[in-house]
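The values are calculated or read from the model by the stated rules, or taken from the named source; none is laboratory data. Treat the numbers as computed from the prediction; the structure is a model and nothing was measured. When we count neighbours, we look across all protein chains shown, and the Cβ atoms used for this are built from the backbone with ideal geometry, even at glycine. All accessible areas refer to the heavy atoms of the entire protein, side chains included, with ligands and DNA or RNA removed. Shrake-Rupley method; radii C 1.70, N 1.55, O 1.52, S 1.80 Å.
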Amino acid sequence: MDAYQRALDFSVGVIDIVEDLNTPRKHYRLIEQLESASTSVALNIGEGKGRFSKKEFIRFLYIARGSLYETVAILQIFKKKNWVTEGCYTKLYAEAEEISKMLSGLINSVTSSN
């Protein structure tokens, strides 16, 4: 599944950035939340795929999309605090937009096959 693979790559990219963060006061809770939200995208796609019904799969795809938007919101905070560069943020935001489109398409595809 393309969306799943892209989500995995996205979370690895976020984790790579987190490993290089240099904040004046290590904001561990925010950093942990960013890692959690970004990895939750792929994890929810995978968990939903493993469920027994299309309805459950769709529910997990919506959760994955929510986690994606949560990741973007945290990245926006990090950008405002200058913890990530504009270029880094722009790259991750563009990837998140693509994953969001893929998730929406997958949701529509699964929904219409019911």
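Summary table
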| item | result |
| --- | --- |
| Value at 222 nm in deg cm²/dmol, rounded to 500, when DSSP H runs of n ≥ 4 in the chain each add -39,500 (n - 2.57) | -29000 deg cm²/dmol |
| Measure of compaction for the stretch 42-88 (Cα Rg per 2.2 N^0.38 Å) | 1.54 |
| Long-range tail of P(r) for the chain (Cα pairs > 23 Å, %) | 29 percent |
| Carbon and sulfur %, accessible surface of the chain computed with the full protein complex present, 1.4 Å | 53 percent |
| Filter on Lys49/Lys101; Lys79/Lys101; Lys26/Lys49; Lys80/Lys101; Lys26/Lys91 - keep pairs with C-alpha separation over 28 Å | Lys26/Lys49 |
| Charge dipole magnitude, Cβ of K and R +1, D and E -1 - the stretch 41-104, Cα centre, debye nearest 20 | 200 debye |
| ³J(HN,Hα), Karplus 6.51/-1.76/1.60, whole Hz, each residue of the stretch 70-78, x for Gly, Pro | 5, 4, 4, 4, 5, 4, 5, 4, 4 |
| Per residue solvent-accessible surface (Å²) - the stretch 74-114, probe of 1.4 Å | 59 Å² |
